[in-house]
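The values are calculated or read from the model by the stated rules, or taken from the named source; none is laboratory data. From a predicted model like this one, the values you see are computed outputs, not experimental measurements. Reconstructed Cβ throughout: ideal geometry from the backbone, glycine too, with neighbour counts over all protein chains shown.
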Amino acid sequence: MSTRVRTVVTFEFRREADQWLGECLELGTATFGASVDEVAEELADLVALHLQSLQDADELERFFENHKIPLFLHHAPDEVPRRVPVNRGSVFTQFRSMSIGVGEARAEAALA
């Protein structure tokens, strides 16, 4: 049985010539577009697909454990500790709370 949990992922955006590039730092998922809003929306969709693909391959829990990505039962916290470099020109960072289906054992571990 699957339980819904949440995680917080980091989106990084940077300007390259006349395009914006967006990347989810935890997954390596990336896309580009003409505006930050367009890239942010598409990146969120791609990250959701990436997470679903990991779940379908039964690799989601192992991936999160190996990369030490925290999961939260019910809701993500209001604040998460992240190290974000400053003074990187046209690069900026955004944090996103994402919902993920995981097995019951992993959901119980998220409570700890």
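Points worth noting:
- Hits in region 15-49 (condition: surrounded by fewer than 18 Cβ atoms within 10 Å (Cβ to Cβ) and assigned to a strand (DSSP E or B)): Arg15, Glu16, Gln19, Leu21, Ala30, Phe32, Gly33
- When we screen Val47, Val86, Val39 for residues that are β-branched (Val, Ile, Thr) and either more than 16 Å from Val9 (Cα to Cα) or modelled with pLDDT under 85 (or both), the only hit is Val86.
- Of the criteria (1) within 17 Å of the chain's Cα centre (by Cα); (2) aliphatic (A, V, I, L, M); (3) at positive phi, which one Ala17 fails: (1)
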